[in-house]
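**Q** Let me give you the structure first, and then I'll get to my questions.
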Amino acid sequence: MYPKERKIWQLFSQYPLSVVSRFHLNLANELLATDAPILIEGLQSSFFAALPAFRDRKLFLRLHNLESVYYEGLANSETNLLKRFLYRLEAKKYRKFETHLQRFASIFTISKRETLEVSKVANAFYLPPFHGNATCTSAAGLGDFALYHGDLRLSDNKRAALFLFDVFSELPQRKLVVAASDIPDNIKQEAKRFSNVSVIETQSQVELYDLIRSAQMNVMLSFQPSGTKLKAINALYMGRHCLVNENMIDDPELMKLCVFCEGKSAFVREIDRHFSIPFEPQQRTEVLSTLLSDRAGAERLISEIFKS
């Protein structure tokens, strides 16, 4: 294991804090001691691309986000002034650090939009997220609640939860469940204002997956564009109706499996309508097996890395 090392001086580095804190000299030396291609998981782990010692090494990147855009989005959703400043500083540093993208032999993105952006400076391929679902387990029929789940420590997810509280204030006959492993006190207190909103602090992934399967719909939105979100993919594999805004999914074929909503009135209308529509999983099963196969994705990754 190579633990993150966060020190106060890293805040003053020219490199993003989330990059420099993940660099470990022992790992760098071990990588230099081998002659194999190097696949780096996430831009946050790619400090090696900036080091002269790795200039002649064949590097590949699995890109999770264009981090400059991601941190700018966090800043836009953050209400704490200090955190907002730090997020904007991190975004600024990432804009400079992302010039190292051209160092990679290939970059595998999880976003169609980011594929277009990265293709301007590097060899980029769209490769959907690996998700671990072998088959679609969505249940047919009806559930009696809508589910929103996410990491509520993140400002974007907090903002989404508060937005949905406002939506469900106009749907008093419809039930919303908000699930997370750690729910902030302000979210708990706000939820108490609505008789049709409840919060559940999940104790395990199994408990969360049971909620996803039991819900009549999974309602998901984001205020920042960062490609197809993993929780949207899990909801498609396990849940019934999926209601999303445009920032949750940017693959047009996957979007066809969802109910698209943009703005409060659209969410109110479609949530109310889909509570009475029984779900049928057949079409979704066929599409997911074609578009999101982990095996097919892994085979393409291996083929690109080891092609002659």
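**Q** Given the residues Val206, Val178, which is the only one that is surrounded by 14 or more Cβ atoms within 10 Å (Cβ to Cβ) and either out of contact with any Gly (no Cβ under 6 Å at 6 or more places or on another chain) or within 24 Å of Phe275 (Cα to Cα) (or both)?
**A** Working: Val206 fails: surrounded by 14 or more Cβ atoms within 10 Å (Cβ to Cβ).
Step by step, each of Val206, Val178 is checked, and only Val178 is surrounded by 14 or more Cβ atoms within 10 Å (Cβ to Cβ) and either out of contact with any Gly (no Cβ under 6 Å at 6 or more places or on another chain) or within 24 Å of Phe275 (Cα to Cα) (or both).
**Q** Determine whether Cys261 is modelled with pLDDT of 90 or more, buried (at least 21 other Cβ atoms within 10 Å of the Cβ), assigned by TED's automatic domain parsing to the domain that holds Ala160 and touching an Asp or Glu at 6+ places or on another chain (Cβ under 6 Å). Break it down into steps so the answer makes sense when it comes.
**A** Details: modelled with pLDDT of 90 or more: yes; buried (at least 21 other Cβ atoms within 10 Å of the Cβ): yes; assigned by TED's automatic domain parsing to the domain that holds Ala160: yes; touching an Asp or Glu at 6+ places or on another chain (Cβ under 6 Å): yes.
Against the criterion (modelled with pLDDT of 90 or more, buried (at least 21 other Cβ atoms within 10 Å of the Cβ), assigned by TED's automatic domain parsing to the domain that holds Ala160 and touching an Asp or Glu at 6+ places or on another chain (Cβ under 6 Å)), Cys261 qualifies.
**Q** Moving to a separate point now. For segment 291-307: of the residues being free of Cβ contacts under 8 Å to residues at least 40 places away in the same chain and in a loop (DSSP other than H, G, I, E, B), which is farthest from Met220 (Cα to Cα)? Working first, answer last.
**A** Quick first cut of segment 291-307, residues free of Cβ contacts under 8 Å to residues at least 40 places away in the same chain only: 293, 295-296, 299, 302-303, 307.
Narrowing the set further to residues that are in a loop (DSSP other than H, G, I, E, B) leaves 293, 307.
Details: Ser293: 22, Lys307: 38 Å.
The selected residue is Lys307.
**Q** I've got another one for you. May I ask you to verify whether Ile233 is of a type outside the set (D, E, K, R), outside any loop (DSSP other than H, G, I, E, B), in contact with a His (Cβ under 6 Å, 6 or more places away or on another chain) and outside the structural domain of Ser106 (by TED's automatic domain parsing)?
**A** For Ile233, the condition - of a type outside the set (D, E, K, R), outside any loop (DSSP other than H, G, I, E, B), in contact with a His (Cβ under 6 Å, 6 or more places away or on another chain) and outside the structural domain of Ser106 (by TED's automatic domain parsing) - is met.
**Q** Quick one: which of Arg57, Arg6 is of a type in the set (D, E, K, R), free of Cβ contacts under 8 Å to residues at least 60 places away in the same chain and in contact with a Pro (Cβ under 9 Å, 6 or more places away or on another chain)? First the steps, then the outcome.
**A** Numbers: Arg6 fails: in contact with a Pro (Cβ under 9 Å, 6 or more places away or on another chain).
Checking each option against the conditions leaves just Arg57.
**Q** Still on this structure, please answer the following. Suppose we keep only residues that are at pLDDT 90 or above and part of a loop (DSSP other than H, G, I, E, B) within segment 274-290. Which one would you say is farthest from Pro128 (Cα to Cα)?
**A** Among them, the one singled out is Ser276.
**Q** Here is a follow-up. State whether one or more residues within segment 12-23 are of a type in the set (Phe, Trp, Tyr) and not in a loop (DSSP other than H, G, I, E, B).
**A** Step one: list which residues in segment 12-23 are of a type in the set (Phe, Trp, Tyr), which gives 12, 15, 23.
Those left that are additionally not in a loop (DSSP other than H, G, I, E, B): 12.
Yes, segment 12-23 has at least one match.
**Q** Only one of Thr99, Thr79 is β-branched (Val, Ile, Thr) and under 29 Å from Glu30 (Cβ atoms); which? Give the steps one after another, and end with the answer.
**A** Numbers: Thr79 fails: under 29 Å from Glu30 (Cβ atoms).
None of the other options fit; the residue is Thr99.
**Q** Just to be sure I understand, how many residues within segment 47-93 are over 20 Å from the mean Cα position of the chain (by Cα) and either of a type outside the set (Lys, Arg) or part of a strand (DSSP E or B) (or both)?
**A** 18
**Q** Can you confirm whether Lys83 is exposed (fewer than 15 other Cβ atoms within 10 Å of the Cβ), touching a residue at least 40 places away in the same chain (Cβ under 8 Å) and under 15 Å from Ser46 (Cβ atoms)? Steps first, please.
**A** Working: exposed (fewer than 15 other Cβ atoms within 10 Å of the Cβ): yes; touching a residue at least 40 places away in the same chain (Cβ under 8 Å): yes; under 15 Å from Ser46 (Cβ atoms): no.
It is false that Lys83 is exposed (fewer than 15 other Cβ atoms within 10 Å of the Cβ), touching a residue at least 40 places away in the same chain (Cβ under 8 Å) and under 15 Å from Ser46 (Cβ atoms).
**Q** Please count how many residues of segment 94-126 are assigned to a helix (DSSP H, G or I) and in contact (Cβ under 8 Å) with a residue 60 or more places away in the chain.
**A** First, the residues of segment 94-126 that are assigned to a helix (DSSP H, G or I): 94-103, 112-118.
Within this subset, residues satisfying the condition of being in contact (Cβ under 8 Å) with a residue 60 or more places away in the chain are 94, 96-97, 112-114.
Result for segment 94-126: 6.
**Q** Restricting the search to segment 239-263, which residues are out of contact with any strand residue (DSSP E or B) (no Cβ under 6 Å at 6 or more places or on another chain) and either among the polar types (S, T, N, Q) or assigned to a loop (DSSP other than H, G, I, E, B) (or both)? Lay out the reasoning, then the answer.
**A** Of segment 239-263, the ones out of contact with any strand residue (DSSP E or B) (no Cβ under 6 Å at 6 or more places or on another chain) are 245-247, 249-257, 260, 262-263.
Within segment 239-263, Asn245, Glu246, Asn247, Ile249, Asp250, Asp251, Lys256, Leu257, Glu262, Gly263 meet the criteria.
**Q** Let me ask you something else. Could you pull out every one of the strands (runs of 3 or more DSSP E) wholly within segment 127-206 that has 2 or more residues that are within 19 Å of the chain's Cα centre (by Cα)? Break it down stepwise before answering.
**A** Values: elements: 146-149, 176-180, 197-201.
Qualifying strands (runs of 3 or more DSSP E): 146-149, 176-180.
The values are calculated or read from the model by the stated rules, or taken from the named source; none is laboratory data. Not measured: the values here are computed from a predicted model. We place every Cβ from the backbone using ideal geometry, glycine too, and count neighbours over all the protein chains shown.
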